[in-house]
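First comes the structure, then the notes that go with it.
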Amino acid sequence: MGLLERQFEENVLTTRVDWLLNWCRLSSIWPMTFGLACCAIEMMAVGCAHHDLDRFGAGAFRASPRQADLMIVAGTVNFKMAERIKRLYDQMPAPKYVIAMGACATGGGPYYKYGYTVVKGVDRVVPVDVYVAGCPPRPEALLEGLMKLQEKIQRSSVLRRPARTA
Amino acid sequence: MVEAKTVETQTLPQSAPGEREFMLDVRTQDMEVNMGPQHPATHGVMRILVRADGEVCTGAQPHLGYLHRCAEKIGENVEWLQYLPYTDRYDYLAAMNNNLGYSMAVEKLMGIEIPRRALMIRTICAELNRIGSHLIAFGTYGLDIGAFTPFLYMFREREWMMALFEKICGARLTYSYIRIGGVFNDAPPGWLSEVERFCDTFEQKWQEYVDLLMVNHIFVQRTANIGVISRAMALDFGLTGPMLRGSGVDWDLRRDMPYELYAEIWKDGVFSIPLGRGEHGTLGDCWDRSYVRVMEMIESIKIVRWCLGAITPGPVIADIPKTLRVPAGEAYVGIENPRGELGHYVVSDGGKVAVRCRVRGPSFTNLAVLEELMPGALLADAVAIIGSTDIVVGETDR
Amino acid sequence: MDFRGILDRLRATGAPGLLGHDLPRAADPKDKKDKGRGGDPFLWVEPAQLPAFLERCRDDERLRFELLIDLTAVDPSKDDPNLWVVVSLLSLAHRHRLTVKCALPKAAASLPSSVPVYRAAQWHERECGEMYGITFAGHPDPRHILLPEDWVGAPLRKDYVFPDEYHGISCK
């Protein structure tokens, strides 16, 4: 895919192919088991039968980052963990996405002011695609975050050259 | 440090006289394997540096601090009432118990009396949360061993319990409901009868868990005679909770140093304290600890039923000013968390902010025993041992 | 036994390092500044003798404090030249608790390690040492436990200054 990416003009054929590739990607986003703190419990609840994550195609949690598409950073990130998060992110193969789940991953959360080892938001360490607010966010909120990510993937262009202005 | 061992010559044991003898020059080396911080079976972000000779673990060193959130520093910088949400977040599986421990420590310094209805609701919430926490311990332990179904089953009950808590205080996981002086607000109408319905249904489901996992041949073989903690080891390491009771030590703060309503409840003969008995293996093995947790769930239901029968209308919070100034002094209060003794040691100088708010998390103390248990175990058993300690890394690291 | 009984037993058997005790008291009506003190009683012990004192608490028949519940420290205020090391003990046999305190000067905070007496002290002393800059002499493994290995400073002291950045990640 690497040689073909962003090489083609926008036309009916590439739009259709892009749509198909995006549909394949968004229907099978496989997350990595990466619960850090309290949000991890809500992430587990999302994966279970009541708020089923598998109906979005995202139910296959992979333990290894090399087999995962999505890193849901669920919980507080501190300095000791930040270096490991960066390493795990680097180990994930492209295309990869990150959801920052919860107030701590979004911006430091309740530990913002006096947490001396807390990183104020995981976006200081890895690039984030979707932020889900809450402390912890309801499972429905995480599902909405996943749906927003799916919309984002749907809008992305794989084969098509991005449009140039002027 | 890794040591290289050299085995210079080896004669195969089956060679009969006259058969060629094989000379093998085999060098083996201990391997250092990292379990975590990202690992499906470490119950959170914890790293265990395991030294393994093939499949046998020869040494284990837990590394903590990947979730250190400076809770104690925050306690010295925010006001007494503002600290309550932080207490939810160390043992996030039993948040009501954390709120209770902190509130009790501050109430001890203030010397105030809690209204009886508040005590009843507090006990109901704490025991329901104990059930929720043991459900997770049980479900994730099955997941670690390799049984996926109990995990889904237990989340069914846990969703119901979380729905009950959502009705009473609006939050599913981190409640901040049990406040200094009582509870935040009264139970909405119909809540108590819903709790009773939960108790009725739970008793049947509980029997399913026992039949599904606890007496399952494979589970027993994976957990019996593994990770044996003797009484002397348990006391030396300062273990509390199911870790201690699984080794047959009869100690439960709810009975032996009762707080809130537990003295009354114990006197009425409502609940008993399950102990490990070495039924399927050695006393103090992983199965015994799991057994204690599963049996404690049904004892908690009995306590909740007693409270439902004895609860009376009344106020639910004592009169606490909005800006609280706690009288000078220091107090330590230990309560029985699902994981052990959760202690809060608070020091006040009479101001709006604490001088010291120390949290003694049971998981932190319980985890230290891993350095003793892992050497000699197979790597698959190492996972079983870690799961049986039932730690929550939020409490280990605070 | 209650606190009085424990104190009398310790005095009667000549427990090493026992300096004194502190009881909760009501505010003195004659002195406006004295706010009194609530909460729990505790004992003051000489820091250099803490392990020997704890051993006496653990082994004496009438005391039998089998469990070390907590070993921590307190920085009472910026102006106070001392740190307190606070030890909580629990007896299962006799169902009583005890709180023991030692006062250490902030400039030279060091005392012998209690690991030979209670194995539970090992991790508690590591945490206490890194958070307050206290050295526990004779500790088998005095590494950082909760903080990163190269963290500088003792975070729980009152005069701690929060760092600006760590390994390229901003702290602000």
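The values are calculated or read from the model by the stated rules, or taken from the named source; none is laboratory data. The model shown is predicted, which means the values in this text are computed figures rather than measured ones. Here the Cβ positions follow ideal geometry from the backbone for every residue, glycine too, while neighbour counts run over all protein chains shown. Heavy atoms of the whole protein, side chains included, go into the accessibility calculation; ligands, DNA and RNA do not. Shrake-Rupley method; radii C 1.70, N 1.55, O 1.52, S 1.80 Å.
Annotations
- Theoretical FRET efficiency, 1/(1+(r/R0)^6), r = Cβ-Cβ of residue A:64 and residue C:161, R0 56 Å, to 0.05: 0.85
- Rg/Rg_globular for the stretch B:347-398, with Rg_globular taken as 2.2 N^0.38 Å and Rg from C-alpha atoms: 1.68
- Debye-sum result for the stretch C:66-122 in log10 I(q)/I(0), which assumes one identical scatterer on each alpha carbon, at q = 0.17, 0.25 Å⁻¹: -0.61, -1.02
- Note on residue A:27 and residue C:152: the model spin-label points, each 7 Å out from Cα along the C-beta direction, lie 5.6 nm apart.
- When nucleic acids and ligands are ignored and a 1.4 Å probe is applied, residue A:30 ends up with an accessible area of around 100 Å².
- Pair residue B:79, residue C:33: separation of 7 Å Cα→Cβ label points (nm): 2.8
- Legend: helices of chain B (whole DSSP H runs) are marked when their alpha-carbon atoms reach 20 angstrom or more along the helix axis and their mean Kyte-Doolittle hydropathy is at least 0.0; marked are B:95-110, B:116-145, B:149-169, B:286-310.
- Taking the convex hull of Cα positions in the stretch B:71-397, its mean projected area over all directions (nm²): 15.5
- Entry note, the stretch B:318-375: relative contact order of 28 percent, from Cα contacts under 8 Å with a spacing of 6+ residues.
- Alpha-carbon centroids, the stretch B:88-103 and the stretch B:169-184: separation in whole Å: 10
- Residue B:300 accessible area, 1.4 Å probe, all protein chains in place, Å² to nearest 10: 0
- The stretch C:98-144: translational diffusion in µm²/s, Stokes-Einstein, Kirkwood Rh over Cα pairs, 25 °C, 0.890 mPa s: 223
- Computed over the stretch B:215-297, the ratio Rg/Rh where both radii use C-alpha atoms and Rh is Kirkwood: 1.03
- Axis of helix A:38-47 versus longest Cα principal axis of chain A: the two differ by about 50°, to the nearest ten degrees.
- Taking all pairs of distinct alpha-carbon atoms in the stretch C:3-170, Kirkwood radius in angstrom: 17.4
- Between residue B:273 and residue B:225, the FRET efficiency estimated from the beta carbon spacing at R0 = 25 angstrom works out to 0.55.
- Candidates A:147, A:43, A:32: whichever shows maximal mean-square fluctuation once chain A is modelled as a Gaussian network with Cα springs under 10 Å: A:147
- A Förster radius of 25 Å, combined with the Cβ-Cβ distance separating residue C:25 from residue C:94, puts the computed FRET efficiency at roughly 0.45.
- Kirkwood Rh and Cα Rg combined as Rg/Rh, the stretch B:153-214: 1.06
- Label sites at residue A:151 and residue A:16, each approximated as a point 7 angstrom past Cα along Cα to Cβ, lie 2.8 nm apart.
- Take every pair of alpha-carbon atoms less than 8 Å apart whose residues are at least six positions apart; their mean separation over the length of the stretch B:71-397 yields a relative contact order of 27 percent.
- Shielding of peptide C:114-125 by partners, expressed as the average count of other chain Cβ atoms within 10 Å per residue Cβ, is 4.
- Axis of helix C:121-132 versus longest Cα principal axis of chain C: the two differ by about 50°, to the nearest ten degrees.
- The stretch A:1-132: Rg to Rh, with Rh as the Kirkwood radius over Cα pairs: 1.04
- Acute angle (nearest 10 degrees) that the helix A:139-155 long axis makes with the longest principal axis of chain A, alpha-carbon atoms: 30
- Residue A:25 accessible area, assembled protein chains, probe 1.4 Å, Å²: 60
- Dimensionless Rg ratio for the protein assembly as shown, taking C-alpha atoms and the 2.2 N^0.38 Å reference: 1.01
- Under 15 Å, Cβ to Cβ, from residue C:172 - net charge with Lys/Arg +1 and Asp/Glu -1: 0
- Distance from the stretch A:1-69 to the stretch A:88-166 (C-alpha centre basis), Å: 13
- Heavy-atom accessible area, probed at 1.4 angstrom with all protein chains present, ranks C:55, B:159, B:79 as C:55, B:79, B:159, highest first.
- Neighbours of residue B:266, meaning other residues whose beta-carbon lies under 9 angstrom from its beta-carbon, give a summed charge of +1 when Lys and Arg score +1 and Asp and Glu score -1.
- Highest-MSF residue in chain A out of A:112, A:97, A:131 [GNM, Cα springs under 10 Å]: A:112
- Taking 28 Å as the limit for the C-alpha separation, the pairs B:108/C:106; C:33/C:158; A:152/B:167; A:148/B:205; C:33/C:172 exceed it in the case of B:108/C:106; A:152/B:167; A:148/B:205; C:33/C:172.
- Comparing B:92, B:136, B:321 along the charge dipole axis of chain B, the residue lying farthest to the positive side is B:321, per the Cβ-charge model.
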